[in-house]
Amino acid sequence: RKLYAERKHSLLIVLQGIDAAGKDGTCWHVLRSMNPQGTNVHGFKQPTPEESSHDFLWRVHPHVPADGNVAIFNRSHYEDVLVQRVHKMAPGKVIEKRYDLINAFESTVHSNNTTILKFFLYISPEEQLRRFEERLDDPMRQWKISEGDYSERALWDDYIKAYEAMLNKCSTDHAPWYV
């Protein structure tokens, strides 16, 4: 409430992690203790054709919180290094450059009075499978699972390597990763 009232600083919470690691649940738990005024959650899934026609950070800029506000990114701009790397949608040189661009972007956001908290949520492959099966068994949660989740799961080792690179290259003093 004080953050919203004073309008001097903002907070950006980035949630990134393994499928079914608890990003949605974390959003719910964080938000239920906050004033909904000045709070926004945005998820970055596959880019739209319009988003793809711009630089990869273009779609992120409008969702950076204004002074006094809180934004939660449920998945984030990191999708554009993770998915692109795992699926070989961009050359390695492009991915490497994106790490630098992300660090510069986060530095700019931080220098404009935004605190950045980045959380990487990890679960084991066994726990992920258990959660997938739990979703299938619960009619209220079946919408959260698709065949795509299983095909991505088959790329587990590639994703782990991509996450390790992300954590190593994009944990900075002004925007560290918390695992």
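The values are calculated or read from the model by the stated rules, or taken from the named source; none is laboratory data. Keep in mind the model is a prediction, meaning the values are calculated, not measured. Neighbour counts are summed over all protein chains in view; Cβ atoms, including those assigned to glycine, are modelled from backbone coordinates with ideal geometry.
Structure values in brief
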read-out	value
Filter result (within 18 Å of Tyr122 (Cα to Cα) and either touching a His at 6+ places or on another chain (Cβ under 8 Å) or assigned to a loop (DSSP other than H, G, I, E, B) (or both)) within region 18-47	Ile18, Asp19, Ala20, Ala21, Gly22
Region 100-130, subset among the charged types (D, E, K, R) and crowded, with 18+ Cβ neighbours inside 10 Å, residue farthest from the chain's Cα centre (by Cα)	Glu106
Options His61, His42: the member that is touching a strand residue (DSSP E or B) at 6+ places or on another chain (Cβ under 9 Å) and of a type outside the set (S, T, N, Q)	His42
Residue pairs meeting the criteria (Cβ under 8 Å; at least 6 apart or on separate chains; first among the acidic types (Asp, Glu), in region 9-26; second at pLDDT below 90)	Asp24/Lys144
Residue within region 149-160 that is modelled with pLDDT under 95, closer than 19 Å to Lys23 by Cα, loosely packed, with under 11 Cβ neighbours inside 10 Å and not charged (D, E, K, R) present	no
Hey, Leu82 at negative phi, in a helix (DSSP H, G or I) and in contact with a His (Cβ under 8 Å, 6 or more places away or on another chain) or not	no
Breaking point among (1) over 15 Å from Ala21 (Cα atoms); (2) surrounded by 15 or more Cβ atoms within 10 Å (Cβ to Cβ), for Lys97	(2)
Residue among Lys97, Lys8, Lys88 that alone is among the basic types (Lys, Arg) and either in a helix (DSSP H, G or I) or under 12 Å from the mean Cα position of the chain (by Cα) (or both)	Lys97
Only listed residue being at pLDDT 95 or above, out of contact with any Leu (no Cβ under 9 Å at 6 or more places or on another chain) and within 20 Å of Tyr178 (Cβ to Cβ), chosen from Ser33, Ser124	Ser124
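Rundown of residues vs (1) within 22 Å of Leu11 (Cβ to Cβ); (2) crowded, with 19+ Cβ neighbours inside 10 Å; (3) in contact (Cβ under 8 Å) with a residue 12 or more places away in the chain, yes/no style:
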{"residue": "His54", "(1), (2), (3)": "no, no, no"}
{"residue": "Pro65", "(1), (2), (3)": "yes, yes, yes"}
{"residue": "Arg75", "(1), (2), (3)": "yes, no, yes"}
{"residue": "Ala90", "(1), (2), (3)": "no, no, no"}
